[in-house]
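The values are calculated or read from the model by the stated rules, or taken from the named source; none is laboratory data. Note that the structure is a prediction, hence the values are computed from the model and not measured. In this analysis, Cβ positions are derived from the backbone assuming ideal geometry, glycine residues included, and neighbour counts consider all displayed protein chains.
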Amino acid sequence: MSMEIRQIEDAHYVKSYARKPISIVRGSGVLVYDAEGREYVDCSGGYGTCIVGHAHPRVAQAISTQSKRLISCHGSTFNDARAELLSKLLEITPKGLNRFFLSNSGAEAVECAIKLARKATGRRKIVAIRGGYHGKTYGALSATWDSKYRKNFEPLVPEFQHIPFGNAEAAKEMIAADTAAVLFEPIQGESGVRVPERDWLPLLQDLAQESGALLISDEIQSGFGRTGKMFACQHWEVTPDIICMGKGIASGLPIGITASIDELAETLAVGEHTTTFGGNPVVCAAASATIEVLLEEGLVENAACVGGYMKAQLLSLQKEFSIIREVRGLGLMLGAELRFDVHAIIQAALEKGVLMLDAGRNVLRFLPPLCIRESEVDEVTQVLRYTLEKEELARLPS
Ligand SMILES: Cc1ncc(COP(=O)(O)O)c(C=O)c1O
């Protein structure tokens with residue numbers, strides 16, 4: 001069965017995804033199952049989209065109920081499922097961010113933020129951060145740093161500049177009276193789970209305020225409780241003008257959200273920024289159910305608590321294995337930087353029933369569902385210990 005699935009996808013799906021040799025057909029909580037019924041602990045959390053656990057019954061029920069009532073409803077008419085989601089979003093987003101654009105992906109949430117910033121300020125320059133990842137559509141790609149994503153698609157959108165992560169001098173120089181927005185990930189995910197020093201984000205906030213630029217926090221990976229607070233920028237007590245969200249809000253259904261302060265969003269004229277599927281009622285119902293589960297099951301607190309436990313386990317592995325250079329992250333957005341390419345480890349862990357992500361060549365990344373328990377973390381730790389031992393042995397001089 002797995003082979004059949006792979007053969008069809010290999011023959012007919014785009015080849016732009018780095019594939020793992022596994023066909024996932026079912027999921028429940030932290031676990032996923034392949035076509036042969038083999039179980040895996042999903043530390044990739046469906047690439048961070050699965051925050052309340054796979055196929056959560058409350059979310060499945062909400063999707064089922066809504067799909068029997070109304071599946072399609074364009075933003076040009078009002079809709080109850082959309083209104084319910086907006087009310088729920090208001091409860092969890094930082095005060096003042098009370099106007100939302102609903103779209104279909106993280107990259108689209110970023111596109112909207114960039115357009116809002118340019119329209120509202122009348123300025124063009126977007127200052128982003130080296131190492132940042134914001135998606136692969138043209139505006140978002142222009143803010144994304146890594147040249148491997150950019151180089152074959154130039155020219156990109158003009159007037160994007162990148163400052164080195166954590167470099168205060170460069171930030172002071174670059175964020176100026178011509179800057180429309182400063183766009184950052186509070187914790188850089190794709191480039192290796194990089195957590196900034198205490199002063200970095202407050203500095204970006206101060207510089208943006210002084211120069212009249214807008215502050216945009218891309219919380220597509222770090223938001224919705226993943227780091228142990230609802231939004232990662234809250235760890236630094238930074239309040240952005242715009243927050244971009246995506247990934248797990250609708251438990252895996254496609255969604256992007258751009259939350260902004262009212263005065264900014266009001267600058268958009270009718271028709272200037274819309275999308276056919278944005279605010280789709282089924283997706284909205286899934287997102288409302290996801291937020292309810294997140295709050296009722298205390299998953300933000302669980303991310304802080306079990307995330308702390310998982311980080312401690314990774315740090316203890318670091319003591320055992322010198323091939324781990326550094327362990328970093330907050331809550332359940334964790335990374336372990338190794339001294340070599342991690343792909344053999346990811347493959348070996350997969351064979352032992354644990355699904356993990358990379359972040360660049362050297363970093364193992366963990367974005368498990370926020371409902372993961374300590375006992376499941378223990379299983380992951382055991383598998384990691386086994387794979388690291390194997391790798392260390394393989395690297396001993398013969
Ligand atoms: C921080 C961040 N921004 C933007 C994106 C792009 O989101 P999408 O892949 O849904 O377009 C991602 C995706 O990984 C991300 O991690």
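Do any residues in segment 51-75 that are hydroxyl-bearing (S, T, Y) have Cβ atoms under 9 Å from those of residues that are surrounded by 13 or more Cβ atoms within 10 Å (Cβ to Cβ), where the two are at least six apart or on different chains, and which pairs are they?
These pairs meet every condition: T65/A285; S67/P281; S67/V282; S67/A285; S72/F277; S72/N280; S72/P281; S72/V282.
Can you say whether H235 is farther than 22 Å from K115 by Cβ, touching a residue at least 12 places away in the same chain (Cβ under 8 Å) and in contact with a strand residue (DSSP E or B) (Cβ under 8 Å, 6 or more places away or on another chain), as far as the supplied structure shows?
Here the answer is yes, as H235 does meet what is asked.
Of all the helices (runs of 4 or more DSSP H) wholly in segment 44-137, which have at least 2 residues that are more than 17 Å from the chain's Cα centre (by Cα)?
57-69, 80-92, 106-121
Out of D199, D206, I need the residue that is surrounded by fewer than 20 Cβ atoms within 10 Å (Cβ to Cβ) and either within 12 Å of the ligand (Cβ to nearest atom) or free of Cβ contacts under 8 Å to residues at least 12 places away in the same chain (or both). Which one?
D206
Cβ-Cβ below 8 Å, separation at least six or inter-chain, first residue in segment 364-377 and of a type in the set (V, I, T), second buried (at least 24 other Cβ atoms within 10 Å of the Cβ) and not in a loop (DSSP other than H, G, I, E, B): which pairs?
Close Cβ pairs (under 8 Å, with a partner that is buried (at least 24 other Cβ atoms within 10 Å of the Cβ) and not in a loop (DSSP other than H, G, I, E, B)) amount to I372/M310; V377/M310.
From the list K125, K95, which residue is more than 16 Å from the ligand (Cβ to nearest atom), at pLDDT below 95 and more than 28 Å from S67 (Cβ to Cβ)?
Selected residue: K95, the only one of K125, K95 that is more than 16 Å from the ligand (Cβ to nearest atom), at pLDDT below 95 and more than 28 Å from S67 (Cβ to Cβ).
Could we say that Y40 is over 25 Å from K136 (Cβ atoms), in a strand (DSSP E or B) and in contact (Cβ under 8 Å) with a residue 40 or more places away in the chain here?
It is true that Y40 is over 25 Å from K136 (Cβ atoms), in a strand (DSSP E or B) and in contact (Cβ under 8 Å) with a residue 40 or more places away in the chain.
Given (1) surrounded by fewer than 20 Cβ atoms within 10 Å (Cβ to Cβ); (2) assigned to a helix (DSSP H, G or I); (3) of a type in the set (D, E, K, R), where does K311 come up short, assuming only one miss?
The failed condition is (1).
Cβ contacts < 8 Å: first residue under 15 Å from A109 (Cβ atoms) and of a type in the set (D, E, K, R), restricted to segment 133-147; second residue in a loop (DSSP other than H, G, I, E, B) and near the ligand (Cβ under 9 Å from one of its atoms), any location; separation 6+ or different chain. Result?
Correct list of pairs: K136/T144.
Can you pull out every residue in segment 172-207 that is within 21 Å of V110 (Cα to Cα) and of a type in the set (D, E, K, R)?
Scanning segment 172-207 gives D178, E185, E190, R194.
Condition check: closer than 24 Å to K119 by Cβ and in a helix (DSSP H, G or I). Does Q205 satisfy that?
Yes; evaluated as a whole, the condition is true for this residue.
Which one of these does K172 not meet: (1) in a helix (DSSP H, G or I); (2) more than 16 Å from the ligand (Cβ to nearest atom); (3) surrounded by 16 or more Cβ atoms within 10 Å (Cβ to Cβ)?
(3)
Within segment 133-158, take every residue that is surrounded by 14 or more Cβ atoms within 10 Å (Cβ to Cβ) and charged (D, E, K, R) and give me the one that is nearest to the ligand (Cβ to nearest atom).
K136
When both residues are 6+ apart or on different chains and their Cβ atoms are under 7 Å apart, which pairs have a first residue that lies in segment 103-115 and is under 20 Å from G252 (Cβ atoms), and a second that is more than 10 Å from the ligand (Cβ to nearest atom) and in a helix (DSSP H, G or I)?
So the pair list comes out as S103/C112; V110/G139.
What number of residues within segment 257-301 satisfy the criterion of being in a helix (DSSP H, G or I), surrounded by fewer than 17 Cβ atoms within 10 Å (Cβ to Cβ) and in contact with a helix residue (DSSP H, G or I) (Cβ under 8 Å, 6 or more places away or on another chain)?
Here the count works out to 3.
Take the conditions more than 16 Å from the ligand (Cβ to nearest atom), assigned to a loop (DSSP other than H, G, I, E, B) and of a type in the set (K, R) and apply them to R226. Does it pass?
It is false that R226 is more than 16 Å from the ligand (Cβ to nearest atom), assigned to a loop (DSSP other than H, G, I, E, B) and of a type in the set (K, R).
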